[in-house]
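To start, the structure under review is shown below, and the notes come after it.
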Amino acid sequence: MTSPTKAEGSGPAVALDPELAATSEVDKPKTLEGRSPGQLMWQRFRRDRTGMICAGVVIFYFVLALCAPLMTALSGTNPYTLYGQDPTYVDTHPVLDDFGLPLGYFGGVSGDHWFGVEPQYGRDLFAMLMYGMRTSLYMALGVTVLLMVTGVIIGLVGGYFGGRTDYWIGRVTDFFLAFPQQLFFIAFMPVVTAFFVDPQEETPTYFRAVAILIVLWLLGWMGMARLVRSTVLSLREREFVEAAKVSGASPWRIVRKEILPNVVSPILVQFTYQLPSTILTIAFLSFAGVGFVEPTPDWGRLFAAGAKYAEQDPAFMFFPGLALVIFILCFNLLGDSVRDAFDPKSGR
């Protein structure tokens, strides 16, 4: 039998059962660790299979576009060589018939040209698509980041300070919203290039890229600004903001520490919807002839060429169209998954 023990300065001795002591150690409640909103969001997002698959597809597209030179090196082609008009290449590897149409099945698909060739010129479609994706994706990424940053800053300033500041920011926003975007893109792009470049000279590709970025930036930040402003208007009256004001915190600290973390959710969700829209807009500009032009590979240019060759070679549109549909669909589904992950009332 276990001998009783007596604590110092205590009353009568109490017998301790080792089995009971071991059981009490196991039954002790575990300390609960708090998780940040970002950790909760990531935990919810990981359980969404659709979101994870779409995120993997989107990342794959960006990696593929970044590695466009490596991919074309593997295929042994490049987007600028006119394989159908190069005498040395045509003698050994003919790709076009007497009418300028691709030889073989499905637009000239072969071991040398994985996605076929372009009618009339014989350029490799796989190489054109890889470089076109790189142009469109990273151009759209830069434009979207610039739109988000501008919209967030303007929305935070107008929503937090209110009064005359909010009034004048609102009027400027209304002014830019009054422009018909698509028509303004078409009309303004030639004006920008003609103003800085001699009409007798060819417009450099980098200048066209800068012009597209400026036009899309000037006419694209308003939606983000209004979204952030409406969110900040509801947050600035909350108790934690009032407590920060009473404690003597500066407006910059309140905006940075108290308000900005609470608008991250709508910003990220809006980003996932804005990027595909920007890609389609850039493709539309190139399709309309006011964006990227020959010989710069671009998704929009591929669709413009495909529309021209639709009757003679309908297969030319298949691979660029399929790639764009998959990317836009996955990015939109990714946006839905991100929104559900941030929404604590979501059923997912």
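The values are calculated or read from the model by the stated rules, or taken from the named source; none is laboratory data. Worth saying up front: this structure is predicted, and the values here are computed from it rather than measured. Note that we place each Cβ from the backbone using ideal geometry, even for glycine, and neighbour counts take in every protein chain shown. Just so you know, the surface numbers come from the protein's heavy atoms only, side chains and all, with ligands and any DNA or RNA stripped out. Shrake-Rupley method; radii C 1.70, N 1.55, O 1.52, S 1.80 Å.
How large is the accessible surface per residue of the range 202-336, computed with a 1.4 Å probe and reported in Å² as a whole number?
Ligands and nucleic acids excluded, the figure is 46 Å² per residue.
Tell me the relative contact order for the range 87-138 as a rounded percent, counting alpha carbon contacts under 8 Å between residues six or more apart.
It comes to 23 percent, rounded to a whole number.
Please find the FRET efficiency linking residue 89 to residue 325, where r is the Cβ-Cβ separation and R0 is fixed at 35 Å, and quote it to the nearest 0.05.
With R0 = 35 Å, the Cβ-Cβ based efficiency is 0.60.
Of all the accessible heavy-atom surface of the range 283-348, with the other protein chains kept in place and a 1.4 Å probe, what percent is carbon and sulfur?
After summing per-atom areas, the C and S share lands at 67 percent.
Of all the Cα-Cα pairs you can form in the range 42-184, what percent are over 25 Å apart?
Beyond 25 Å sits 57 percent of the P(r) for the range 42-184.
Could you check the spin-label model distance between residue 67 and residue 47? Points 7 Å from the Cα along Cα→Cβ, value in nm.
In this crude spin-label approximation the distance works out to 3.4 nm.
Roughly how much of residue 281 is accessible, in Å² to the nearest 10, using a 1.4 Å probe?
About 20 Å², rounded to the nearest 10.
Under a crude label model (7 Å from the Cα following the beta-carbon direction), how far is residue 112 from residue 75 in nanometres?
1.5
Along the Cα→Cβ direction, 7 angstrom out, place labels at residue 103 and residue 138. What is the inter-label distance in nm?
Here the modelled spin labels are 3.6 nm apart.
Expressed as a whole percent, how much of the Cα-Cα distance distribution for the chain exceeds 34 Å?
Beyond 34 Å sits 47 percent of the P(r) for the chain.
If the rule is a partner Cβ under 4.7 Å, which cysteines in the chain fail it?
Among the cysteines of the chain, those whose Cβ sits 4.7 Å or more from every other are 67.
With each run of n ≥ 4 DSSP H residues scored as -39500 (n - 2.57), what mean residue ellipticity at 222 nm is computed for the chain after dividing by its residue count and rounding to the nearest 500 deg cm²/dmol?
That comes out to -20000 deg cm²/dmol.
Compute the acute angle (0 to 90°) between the alpha-carbon long axis of helix 163-177 and the principal axis of greatest extent of the alpha-carbon atoms of the chain; round to the nearest 10°.
30
With a 10 Å radius around each residue's Cβ, average the other Cβ atoms per peptide and rank 316-325, 240-249, highest first.
The most tightly packed comes first, giving 316-325, 240-249.
What's the extension gain from residue 310 to residue 234 if we count 0.36 nm per residue and subtract their Cα-Cα distance?
Computed gain between residue 310 and residue 234 is 22.1 nm.
Cα axis of helix 222-235 to longest principal axis of the chain: angle in degrees, 0 to 90, nearest 10?
10
Using only the heavy atoms of the protein chains and a 1.4 Å probe, how would 175, 195 rank by accessible area, largest first?
Order by accessible area, largest first: 195, 175.
Starting at the first residue of the range 134-144, write each ³J(HN,Hα) from the Karplus equation 6.51 cos²θ - 1.76 cosθ + 1.60 with θ = phi - 60°, in whole Hz, x for Gly and Pro.
4, 4, 6, 5, 6, 5, 5, 5, x, 5, 5
For the range 191-278, rounded, prolate or oblate, judged on the Cα gyration tensor with a ≥ b ≥ c (square roots of eigenvalues), a/c < 1.5 rounded, else prolate if a/b > b/c?
Verdict is prolate for the range 191-278.
Please determine, in degrees from 0 to 90 and to the nearest 10, the orientation of helix 318-342 with respect to the longest principal axis defined by the Cα atoms of the chain, where the helix direction is its Cα long axis.
So the helix axis and the longest Cα principal axis differ by about 20 degrees.
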